[in-house]
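Beneath this line is the structure, given in structure tokens, with notes to follow.
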Amino acid sequence: MATKRDMVVRPAHDLGGLPAGPVVPSDHEMTPFEKSCHALLNVLAEHKLVNTEEKRRGVEDLGAQIIGELTYYERWAVSASRVLIEKGVITSEELGARMNEIRARLTEAAA
Amino acid sequence: MSTRFVEGQRVRIADRDAPGHVRTPVYVRGKEGRIERVLPRFLNPEREAYGVNEGTDVRLYRVRIEQSALWPDYDGPADDVLELEIYEHWLEPADHSPTEGA
Amino acid sequence: MTTTHDPAHGTVDHGDHTHGGTGGADPHAPIENTAGEPDYFDVLQQAIRELLVEKGLISADEVRAMVETLDAHRPALGSALVARAWTDPAFKERLLADGTAAIEEFGIDNYDGTKLIVLEQTPEVHNLVVCTLCSCYPRPVLGLPPDWYKSRPYRARAVREPRALLKEFGTEVPDGVTIRVHDSNANMRYLVLPMRPAGTEDMSEPELAALVTRDTMIGVTTPRLP
């Protein structure tokens, strides 16, 4: 069991040397969401809106439980949103409103 | 440009445990190795992670560490090594050691 | 995607993420979206893109172009590069001396601006690449990393027990051969240059390239004759 100090010093992304099971040689084709997310984050990095280290820091700050449960690109999306809000590039309010608009649009399109 | 450490020099990776985003993995902290090569200077990722995108350049090195120095119970051959990149502010000269040799 | 259950640590590894606790019995395991409902994370990334485009901070064309760039960078680029190095000793020398310059000379767009170090497999040294902190990978030459490269078991064990790990990939490295594990943890990226197998003297460059799989350029396997 990790001590409280360990939980701070060794966040969930720092895995070198920890015990783990066999490597399963798994892979999958990128989904449209994953591709869009990857492309978006690359563009954000090029414009220094969310640079690569900010993106990584944002993922690390999600904490062990969220890191463990979310997929790779789900973590990127949440990290980017938090860094952009933190830097004042967007507000949580406008992001939330836009998400509702998009959901309404997608639900309508599917109906 | 002169660098603080030179190829072949024995170094110790600092053993620090403050919170914050760093690129020095926990498993190499406090370990000793040798400078494998001197790399260019790059922005300090510990500042970049908080949005500082200029003016923080720091020298990067590749450090070679014997596996047996990392893991006391390493069961492979003694020559097996690990190499990784360490920024200058994480390196200290290792005590009482020549810069020549293996 | 293949999944595995690791009873020793009570986790279910999905390649790029791991469910903790006691696997299927975990009462805190999140519930997947109901079918038909827009995915939260997809909505989130779309909303970020739209807002930033409206603010004039990025353009939709840039994102579309980046999707094309990602599609265009596949392991086949690395395979062709290795085949050239096998057939052109002067090129191989340049590749080992300055990987970034050599891949640009070869016509590969180094789109992420990272610096490349090429590691030569020899009869004395076997190189293996991992990123223990995240998923650093030579994307311009190999495309995006496979799920297993980003998985906890690979990242945790490659630096600790490389020989046992390589055996799981079917790669036996004799004790007389030194293993150099490269933890790709900062600004450099690493491509393994595998050894050209014996018996390939009469092969053309494209035939040679077909022997060079992605995994041989990460260092977990070695090229085999078909």
Under 5 Å between amide H atoms, partner at least 5 residues away or on a different chain: which partners does B:Ala14 have, H built in plane at 1.01 Å? B:Gly30, B:Leu91, B:Glu92
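Could you tell me which of the pairs A:Lys35/A:Lys87; A:Lys35/A:Lys55; A:Lys55/C:Lys150; C:Lys92/C:Lys115; A:Lys4/C:Lys150; C:Lys115/C:Lys167 are separated by over 20 angstrom between their Cα atoms in the structure shown? Don't skip to the answer; put the middle values down first.
On the way: A:Lys35/A:Lys87 25 Å; A:Lys35/A:Lys55 16 Å; A:Lys55/C:Lys150 16 Å; C:Lys92/C:Lys115 17 Å; A:Lys4/C:Lys150 26 Å; C:Lys115/C:Lys167 30 Å.
Flagged as over cut-off: A:Lys35/A:Lys87; A:Lys4/C:Lys150; C:Lys115/C:Lys167.
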Built amide H within the under 5 Å cut-off of B:Val58, gap 5+: B:Phe42, B:Leu43, B:Asn44
Per-residue mean of other chain beta-carbon atoms within 10 angstrom of the beta-carbon, peptide C:143-153? 5
³J(HN,Hα) across the range A:62-76 via Karplus (A = 6.51, B = -1.76, C = 1.60, θ = phi - 60°), whole Hz, x for Gly/Pro? 5, x, 4, 5, 5, 4, x, 8, 7, 6, 3, 7, 4, 5, 4
Collect residues whose amide H, placed 1.01 Å from N in the peptide plane, falls under 5 Å from the amide H of A:His28; neighbours closer than 5 in sequence don't count. C:Asp147
Output the peptides C:198-210, A:52-64 sorted from most to least packed, where packing is the average of other Cβ atoms within 10 Å over each peptide's residues. A:52-64, C:198-210
Cα-based Rg (one decimal) and Dmax (whole number) for the protein assembly as shown, in Å? 22.2, 75
Partner shielding of A:28-34, as the mean number of partner chain Cβ atoms within 10 Å, equals 4
Toward the positive end of the charge dipole of the range A:1-40, about the Cα centre and with charges on Cβ (Lys, Arg +1; Asp, Glu -1), which of A:Met7, A:Gly21, A:His38 goes farthest? A:Met7
What does the average come to when, for each residue of peptide C:113-123, you count the partner chain Cβ atoms lying within 10 Å of its Cβ? 1
What are the ³J(HN,Hα) couplings of the range C:145-154, residue after residue, when phi is run through the Karplus curve with 6.51, -1.76, 1.60 and θ = phi - 60°? Round to Hz, x for glycine and proline. x, x, 4, 5, 5, 8, 7, 4, x, 5
Sorting check: for C:89-98, C:142-151, B:41-50, which peptide has the highest mean count of neighbouring beta carbons within 10 Å, and how do the rest follow? C:142-151, B:41-50, C:89-98
Under the Karplus relation with 6.51, -1.76 and 1.60 and θ = phi - 60°, whole-Hz ³J(HN,Hα) for the range B:69-82, x at Gly and Pro, equal 7, 7, 10, x, 9, 4, 10, x, x, 5, 7, 4, 9, 10
25 °C / 0.890 mPa s Stokes-Einstein diffusion coefficient of the range B:10-93, Kirkwood radius on C-alpha pairs, µm²/s: 180 µm²/s
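What whole-number volume per residue, in cubic angstrom, does the convex hull of the C-alpha atoms of the range A:32-110 give? Display every interim value, and only then the final one.
Values: hull volume 8.4 nm³, N = 79.
Per-residue hull volume (Cα only) is 106 Å³.
None of the figures in this text is laboratory data; all of them are computed from the coordinates on show. None of these values were measured; they are calculated from a predicted model. As a convention, Cβ positions derive from the backbone with ideal geometry for all residues, glycine included, and neighbour counts pool all protein chains shown.
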